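**Student:** So that we are looking at the same thing, I have put the structure below in structure tokens.
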Amino acid sequence: LYCLTELIQGCNCDRMRVLLALMLAPLAAALQPTLPTSTRAARPSTALQMVYGKTRASSRKFVPAVSQSELSPGKAVSGICAGLDICVAVDTDGSVYALGNKSPVLGTPMAAGRVAGGEIKDPLTGTSFSVKSGQVVGPWCPNFPFNFLFSVIEPQGLPVFKCKTGGGAVQVEVDVNAKTNFESGYWKGILDAQGKTDGGYY
């Protein structure tokens, strides 16, 4: 490269200088040292990012679910406790129980079922559950066509909750932070420059 440069400077012919310069240009470019490129992909500024909020410690408290005036032996009613869908079931002897209100698989309200003999029956699938333990009692999804459709699905019970009556209401013990912790992980896009208190963006 140095020799060719000296040759151009020592040449008296303008055309020769131009020709040699044109020949030298690609050679010089090929000999230029190249910097190593990073294999890390650039992070798009508009990409969606998953941000996890701070979770709270479990805090179990008795929360009013339904009014006692709504209760009737052999029936069930639904209520929302700290964001949780609860089924309050009253047995034929007047005993009160609290279970999850969503039936397994389909998620239909258990509050539509009848209560008798310590069991609550899902009117759609025909599955009966113990109001004390939430476990399946008897055949799993015996009603047609669910006995065929759900035959390969493992029987699933219902969650149960402690409850008490007093002050004109049925109170159910739930984790008041469960809903907040469940929603602590969420997707959010960087859409503007308005900052949040946690250092993130909307």
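**Student:** Just to confirm my filter: which strands (runs of 3 or more DSSP E) fall fully inside segment 79-143 and include at least 1 residues that are modelled with pLDDT of 95 or more and in contact with an Asp or Glu (Cβ under 6 Å, 6 or more places away or on another chain)?
**Tutor:** Because the criterion is at least 1 residues that are modelled with pLDDT of 95 or more and in contact with an Asp or Glu (Cβ under 6 Å, 6 or more places away or on another chain), the strands (runs of 3 or more DSSP E) in segment 79-143 that meet it are 114-116, 128-130.
**Student:** Can I ask one more? Here are the criteria: (1) touching a Leu at 6+ places or on another chain (Cβ under 9 Å); (2) modelled with pLDDT of 95 or more; (3) among the polar types (S, T, N, Q); (4) open to solvent by 70 Å² or more (accessible area, probe 1.4 Å). Tell me which single one SER69 does not satisfy.
**Tutor:** The number of the failed condition is (1).
**Student:** Every residue in segment 155-180 that is more than 23 Å from the chain's Cα centre (by Cα) and either farther than 25 Å from SER69 by Cβ or basic (Lys, Arg) (or both), please.
**Tutor:** Residues satisfying the conditions are PRO155, LYS162, LYS164.
**Student:** State all residues of segment 85-112 that are within 25 Å of the chain's Cα centre (by Cα) and on the phi > 0 side of the Ramachandran plot; if no residue qualifies, say none.
**Tutor:** Listed by number, the residues that qualify are VAL105, GLY107.
**Student:** Restricting the search to segment 105-135, which residues are of a type in the set (Val, Ile, Thr) and under 22 Å from VAL172 (Cβ atoms)?
**Tutor:** THR108, VAL115, ILE120, VAL131
**Student:** Among the residues of segment 90-112, what is the count of those that are touching a residue at least 40 places away in the same chain (Cβ under 8 Å) and under 19 Å from GLU70 (Cα atoms)?
**Tutor:** 7
**Student:** Assuming VAL115 fulfils every condition listed in (1) more than 30 Å from the chain's Cα centre (by Cα); (2) crowded, with 17+ Cβ neighbours inside 10 Å; (3) in contact (Cβ under 8 Å) with a residue 60 or more places away in the chain apart from one, which condition is it?
**Tutor:** Tallying (1) more than 30 Å from the chain's Cα centre (by Cα); (2) crowded, with 17+ Cβ neighbours inside 10 Å; (3) in contact (Cβ under 8 Å) with a residue 60 or more places away in the chain, VAL115 fails exactly one: (3).
**Student:** Could you go through segment 120-138 and let me know if any residue there is touching a helix residue (DSSP H, G or I) at 6+ places or on another chain (Cβ under 6 Å) and surrounded by fewer than 17 Cβ atoms within 10 Å (Cβ to Cβ).
**Tutor:** yes
**Student:** Can you tell me how many residues within segment 51-65 are in a strand (DSSP E or B) and either at pLDDT below 60 or open to solvent by less than 90 Å² (accessible area, probe 1.4 Å) (or both)?
**Tutor:** 6
The values are calculated or read from the model by the stated rules, or taken from the named source; none is laboratory data. In this text the structure is predicted, and so the values were computed from the model without any measurement. Cβ sites come from the backbone with ideal geometry, for glycine too, and all protein chains shown count toward neighbours. Heads up: the accessible areas ignore ligands, DNA and RNA and are worked out on the full protein's heavy atoms, side chains in. Shrake-Rupley method; radii C 1.70, N 1.55, O 1.52, S 1.80 Å.
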